[in-house]
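Data first, discussion second: the structure below is written as structure tokens.
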Amino acid sequence: MSSPIGLLADTIAQFLQIYMVLIFIRILLSWFPNVDWSNPFFSVLSQLTDPYLNLFRSIIPPLGGIDFSAIIAIFLLQIVAGIVPGLLYSLV
């Protein structure tokens, strides 16, 4: 049986992986100008991912039409996904 901290670490790791996939989908959809962001699916996706991405967009503006802030956001999320569950497992 898993300890509560191990279960928490697994849950956080799964959440971060799912959130990373949602961010990838959001970034890929931004390449298509015909996406209807008022569609309920796209609207929810935007509401879930934009607050995190906007943190980086406010620091790093688009350069030459390319939004490098999304790359930094994903990179940081991958670092957190690697560190946080490992720290929690070390508490077990």
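Readers should treat all values here as calculations from the given coordinates under stated rules, not as data from a laboratory. In this text the structure is predicted, and so the values were computed from the model without any measurement. Reconstructed Cβ throughout: ideal geometry from the backbone, glycine too, with neighbour counts over all protein chains shown.
Modelled spin-label separation between Ile79 and Asp50, with each label point placed 7 Å from Cα along the Cα-to-Cβ direction: 2.7 nm. For the chain, the longest principal axis of the alpha carbon atoms and the long axis of helix 69-91 meet at an angle near 10°.
From helices alone, the chain scores -25500 deg cm²/dmol at 222 nm; the rule is -39500 (n - 2.57) for each run of n ≥ 4 DSSP H residues, then divide by the residue total. Note: relative contact order over the chain, using C-alpha pairs below 8 Å and six or more positions apart, is 47 percent. Against the chain, whose longest principal axis is taken from its Cα atoms, helix 40-57 shows a tilt of about 80°. Over the chain, what number does the Rg to Rh ratio reach, with both radii from the alpha-carbon atoms and Rh per Kirkwood? Radius of gyration over Kirkwood radius for the chain works out to 1.08. Tell me which chymotrypsin sites (Phe, Trp or Tyr not before Pro) from region 32-92 have a DSSP coil assignment and no more than 13 other beta carbons within 10 Å of their own. Filter output for region 32-92: Trp37.
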